Amino acid sequence: MSLHTYDLPKYPFNIEKYYWKLTKSHYGILFIEIKGNLHSNEINLLLHFLKEELSYLYDSSYFIIDLLELNLVENYILDLKDDSFDKYIFIGDLDHIKAKHIFNDTIESINYCSSLMRKKYFDGKIRTYDYKKDIPKIFKYKDFIHFLSFEMMHDKKNELGYFKIKGEYPGFTNDLDDDILETKRFYSTLNKFLKFSEVKHVIIDITDFKYQYLDKYLQDFMPSYQDFDSNPAKVSYIINKDTDTTYGFVKNSKLFFSLDEALETLKIE
């Protein structure tokens, strides 16, 4: 059996991240602009980004999502009303985007978010803005530094997947925030691979990943997509001979020392 390189589906839109610093308060909100063209058969990619990637990677009391420059190509209705979007405040076309919290104006959306924040945190310093002098302070978001890389492969029938993580943890930046976000990116990417490749079994290779210990951020190399985290029939690992297996890994999963050994043993046709 041979494996072939797998490329994750690319988002058909551009994502720009900003940070809205609430005036006279220590709170801040992630402000996302999504621009480009979105066909109706690509809605699942937008939903994946909003529901599974954005909320997983970034801790924010609320997200403000600006869709004013997202063109819904076939002029369809974009439904964003389900409960998973309770923390999301959208800016967009009211006729074509249906959501619980949606406005067609940036200041309105920010003031609405301010009112929600005041109720949630009982913080009188969170203020509202007008259209003249009290303009919100919105800064370009400085994203975290990546120090991990991933290699993905699958067989032609999508029965078997291979996910390799490379790098060192903690990262070279000596910044805990970078470490936390990079481990989140690892699990987010792994789960995205499992979802879109639809493989039935994944081999996770950590032979080129150096880590000091498994902490609450790095966790245990267990994917959280569907039942992969509890089913040893769906996950195997390639480890080094000196890898400590006391903690981590899906319980009772097969452990190998090379990809050739794993492919020979699993023999998924």
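The values are calculated or read from the model by the stated rules, or taken from the named source; none is laboratory data. The shown structure was predicted, so the numbers you read here are calculated from the model rather than taken from an experiment. Glycine also receives a Cβ, built like all others from the backbone with ideal geometry; neighbour counts cover every protein chain displayed. Side chains included, ligands, DNA and RNA excluded: accessible areas come from the protein's heavy atoms. Shrake-Rupley method; radii C 1.70, N 1.55, O 1.52, S 1.80 Å.
One table, with the values for the structure above:
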| item | result |
| --- | --- |
| Subset tally (residues that are open to solvent by less than 70 Å² (accessible area, probe 1.4 Å), in a loop (DSSP other than H, G, I, E, B) and at pLDDT below 90) for region 3-28 | 4 |
| Odd one out for Phe196 among (1) over 17 Å from Met153 (Cβ atoms); (2) under 21 Å from the mean Cα position of the chain (by Cα) | (1) |
| Of the criteria (1) more than 16 Å from the chain's Cα centre (by Cα); (2) crowded, with 19+ Cβ neighbours inside 10 Å, which one Phe31 fails | (1) |
| Hits in region 158-200 - residues which are of a type in the set (D, E, K, R) and part of a helix (DSSP H, G or I) | Asp177, Asp178, Asp179, Glu182, Lys184, Arg185, Lys192, Lys195 |
| Region 237-269 - residue that is hydroxyl-bearing (Ser, Thr, Tyr) and out of contact with any strand residue (DSSP E or B) (no Cβ under 6 Å at 6 or more places or on another chain) and, of those, least open to solvent (accessible area, probe 1.4 Å) | Thr243 |
| Single residue of Ser61, Ser84 found to be touching a helix residue (DSSP H, G or I) at 6+ places or on another chain (Cβ under 8 Å), open to solvent by 40 Å² or more (accessible area, probe 1.4 Å), more than 17 Å from Ser40 (Cβ to Cβ) and not basic (Lys, Arg) | Ser84 |
| Residue tally, condition at pLDDT 95 or above and open to solvent by 50 Å² or more (accessible area, probe 1.4 Å), over region 170-194 | 0 |
| Single unsatisfied condition, Asp130 versus (1) in contact with a helix residue (DSSP H, G or I) (Cβ under 6 Å, 6 or more places away or on another chain); (2) more than 30 Å from Glu264 (Cβ to Cβ); (3) surrounded by fewer than 19 Cβ atoms within 10 Å (Cβ to Cβ) | (1) |
| Where a residue in region 238-260 is under 20 Å from Lys166 (Cβ atoms) and its partner, wherever it lies, is of a type in the set (Ser, Thr, Tyr) and in a loop (DSSP other than H, G, I, E, B), with Cβ under 6 Å and at least six apart | Ile238/Thr207; Asn240/Thr207 |
| Condition check for Asp229: open to solvent by 10 Å² or more (accessible area, probe 1.4 Å), over 25 Å from Asp260 (Cα atoms) and free of Cβ contacts under 8 Å to residues at least 24 places away in the same chain | no |
| Residue in region 196-205 that is of a type in the set (Phe, Trp, Tyr) and either open to solvent by less than 10 Å² (accessible area, probe 1.4 Å) or in contact with a strand residue (DSSP E or B) (Cβ under 9 Å, 6 or more places away or on another chain) (or both) present | no |
| Conditions (1) hydrophobic (A, V, I, L, M, F, W, C); (2) in contact with a helix residue (DSSP H, G or I) (Cβ under 6 Å, 6 or more places away or on another chain); (3) open to solvent by 40 Å² or more (accessible area, probe 1.4 Å): number failed by Ile135 | (2) |
